[in-house]
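**Student:** Quick one: structure below, then a few questions.
Nothing in this text is a laboratory measurement; each read-out follows from the coordinates by a stated rule. Predicted model only: the values in this text are computed from it and were never measured. When we count neighbours, we look across all protein chains shown, and the Cβ atoms used for this are built from the backbone with ideal geometry, even at glycine.
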Amino acid sequence: MRYAFFLGCIMPNRYPGLEAAMRNVAKVLRIELLDMEGASCCPPPGVVKSFHKPTWLAIAARNLTLAEALKADATTLCSGCYGTLKDANTILKEDSTMREKVNKILHEYGNEFNGTINVKHIVDVLYHDIGIEKLRGFVKRPINLKVAVHYGCHLLKPTKYRNVESSEHPKFLDELVEVLGAKSIPYRDKMMCCGAGGGVRSSSRDVSTDMTKEKLENIKNAGGDCVVTPCAFCHLQFDTGQIEIEKQFGVKYNIPVLHYVQLLGLALGLKPEKLGLYSNAIPVDPILKKLESPIVA
Amino acid sequence: MEAQILAEQKNYVIQLDKLDKRFTEAVAKAGGEKINLCIQCGTCTASCPSGRRTAFRTRQLIRRALLGLREKVLSDKDLWLCTTCFTCLERCPRGVDPTDVILALRNMAVEAGYMLDQHKRVSGYFVKYGHAVPLNEENRKRRVSLGLSEIPPTVHKSKKALNEVQGITKKTGFDKLIGFKWEEGK
């Protein structure tokens with residue numbers, strides 16, 4: 001099993017703990033991750049695509065050609081990157097006029113988009129390519145936690161470019177969490193956005209954190225031990241966001257935030273330091289302490 | 001008195017002769033192809049997590065665009081409050097794809113010179129470093145402490161790759177669009 005590993009910006013440059021977690025988890029699951037040398041920003045579906053779609057598509061195409069050169073499907077831990085690469089890959093495969101326009105630019109660098117690979121979110125890889133049952137066999141340390149699953153937006157939507165059973169009531173991420181022994185708890189407005197996307201975090205931080213606060217409040221009320229996201233940007237928004245919320249609203253939540261890959265790493269028996277769990281703004285000690293206690297059946 | 005009222009009304013009553021009748025067509029061409037299907041049901045506004053806490057109203061935005069209130073739509077800062085969560089796009093009973101309409105309007109707003117300063121800054125990083133969120137000193141150290149390479153194997157590590165990315169932004173005119181000055185690097 002080999003994949004072109006698309007890093008993006010947030011993960012390598014702000015939360016490298018997620019990158020470390022992925023590389024270490026991949027070793028255990030025997031997934032070969034190939035570096036896409038020279039890859040750039042995806043670029044973001046809500047930002048660069050909001051400003052100038054032709055630039056968004058051309059840069060995304062360049063990134064896709066790096067995976068094509070490796071002859072491997074691309075995977076990523078960020079749903080923003082996934083949204084861009086997945087949408088761009090679909091558009092360029094289906095629309096020959098767009099493909100010609102983009103290739104005219106790429107040809108100047110001896111490059112061409114050929115549409116030979118697929119784009120898979122890491123959650124796709126784990127759920128579809130590896131599968132729940134196989135994953136179950138890898139669990140060494142069952143996770144006895146109540147987990148608030150945050151799907152986020154671009155992993156699921158727009159469904160015209162996705163392969164999901166439902167964007168309103170999806171199940172796959174809950175299944176991936178529960179196979180590790182955790183309980184995925186229901187909470188109010190579970191499917192709501194974290195507030196980071198669309199350039200709102202950069203232009204209207206107060207609106208952005210207000211959304212995050214609403215989600216955290218709902219998660220607190222439902223008794224979640226931690227938030228688990230499939231996305232580096234949602235991870236940043238929930239984790240760094242809690243520091244911002246404290247400054248803006250004077251409210252402290254202290255709810256640990258884990259990327260799904262980090263939770264998986266814990267279940268595989270990897271040490272927290274191998275998973276970058278100490279690089280978070282909100283300490284994860286409360287959940288690590290709970291893990292040491294016996295599993296409540 | 002009547003003349004005064006009429007003069008005041010001009011400020012808030014829609015003037016038919018001031019409408020840009022070609023605007024809807026332009027929005028459709030820019031990627032909001034299905035804007036004409038809108039029946040103003042308001043499912044978009046009701047589904048919007050941003051509209052819950054701000055004055056942003058997706059239905060209103062689309063209505064204004066359909067009327068041809070070009071300047072009002074493109075200059076409205078609320079246009080930038082959409083997080084692109086796509087909930088309205090999934091729920092719209094007419095298949096208007098409101099998120100796509102918003103993205104089209106944003107592209108048009110940027111072209112008309114209404115780009116927000118914060119977005120110019122992020123775009124500047126993207127053009128300069130090839131990353132909208134570039135590596136910083138703190139995270140260089142953090143990477144090393146985590147057993148990762150100090151510099152990730154991205155455009156950060158390759159001058160050739162950065163030149164390519166920058167070349168593409170010049171080719172598409174993105175550098176000019178955001179007012180990026182190469183000699184100043186921002």
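**Student:** How would you rank A:K290, A:K157, going from fewest to most other Cβ atoms within 10 Å of each one's own Cβ?
**Tutor:** Starting with the residue having the fewest Cβ neighbours, the order is A:K290, A:K157.
**Student:** Counting other C-beta atoms within 10 Å, which of A:E37, B:E138, A:E214 has the fewest, and how do the rest follow?
**Tutor:** Exposure proxy ranking, most exposed first: B:E138, A:E37, A:E214.
**Student:** Quick one: compute the contact order of chain A, relative version, from alpha carbon pairs under 8 angstrom and 6+ residues apart, as a percent.
**Tutor:** Contact order relative to length: 21 percent.
**Student:** Sticking with this structure for a sec: Along the three principal axes, how long is segment A:131-292 when you take its alpha carbons, biggest first, rounded to the nearest angstrom?
**Tutor:** Projected onto the principal axes, the Cα atoms of segment A:131-292 cover 45, 40, 27 Å.
**Student:** For segment B:15-111, what relative contact order do you get, as a whole percent, if you take Cα pairs closer than 8 Å and at least 6 residues apart?
**Tutor:** 40 percent
**Student:** Enter the angle in degrees (range 0 to 90, nearest 10) between the Cα long axis of helix A:205-221 and the first principal axis of the Cα atoms of chain A, meaning the one along which they spread out most.
**Tutor:** Its long axis makes an angle of about 40 degrees.
**Student:** If contacts are Cα pairs under 8 angstrom and at least 6 residues apart, what is the relative contact order of segment A:57-136 in percent?
**Tutor:** 42 percent
**Student:** Using helices alone, what [θ] at 222 nm do you get for chain A, with -39,500 (n - 2.57) per DSSP H run of 4 or more residues, divided over all residues and rounded to the nearest 500? Spell out each step's value before the answer.
**Tutor:** Numbers: 13 runs with 135 residues, N = 297.
Helix-only estimate at 222 nm: -13500 deg cm²/dmol.
**Student:** Using amide H atoms built in the peptide plane, which far-off residues or other-chain residues are under 5 Å from A:G195 H to H?
**Tutor:** Excluding prolines and chain starts, which carry no amide H, there are no hits.
**Student:** At q = 0.09, 0.10, 0.11 Å⁻¹, what log₁₀ I(q)/I(0) does the protein assembly as shown have when each alpha carbon counts as one equal point scatterer in the Debye sum?
**Tutor:** After summing over all Cα pairs, the log10 values are -0.60, -0.74, -0.89.
**Student:** Now a separate question. With chain B treated as a Gaussian network of Cα nodes joined by springs under 10 Å, which of B:C85, B:C38, B:C48 yields the largest mean-square fluctuation?
**Tutor:** Checking each option, the largest mean-square fluctuation is seen for B:C85.
**Student:** Grab the DSSP H runs of chain B that are 4 residues or longer, score each as -39,500 (n - 2.57), total them, divide by all residues and round the 222 nm result to the nearest 500 deg cm²/dmol. Provide the component values of the computation, followed by the final result.
**Tutor:** Numbers: 11 runs with 97 residues, N = 186.
The per-residue figure over chain B is -14500 deg cm²/dmol.
**Student:** Oh, and also: Fewest first, what order do B:I102, B:I168 take by the number of other Cβ atoms within 10 Å? The partial results should precede the final answer.
**Tutor:** On the way: B:I102 28, B:I168 25.
Fewest-to-most Cβ neighbours within 10 Å comes out as B:I168, B:I102.
**Student:** When you look at the Cβ of every residue in A:29-40, what mean number of other chain Cβ atoms sits within 10 Å?
**Tutor:** The per-residue average across the peptide is 4.
**Student:** While we're here: Name the residue, out of B:Y114, B:Y129, B:Y12, whose mean-square fluctuation peaks in a Gaussian network model built on chain B with Cα pairs under 10 Å.
**Tutor:** The residue that fluctuates most here is B:Y12.
**Student:** Mind telling me which of B:Q118, B:Q40, B:Q166 comes out most flexible in a GNM of chain B, alpha-carbon contacts under 10 Å?
**Tutor:** B:Q118
**Student:** Provide a whole-number value for the mean count of partner chain Cβ atoms within 10 Å of the Cβ atoms in peptide B:155-165.
**Tutor:** Neighbouring Cβ atoms belonging to other protein chains average 5 per residue here.
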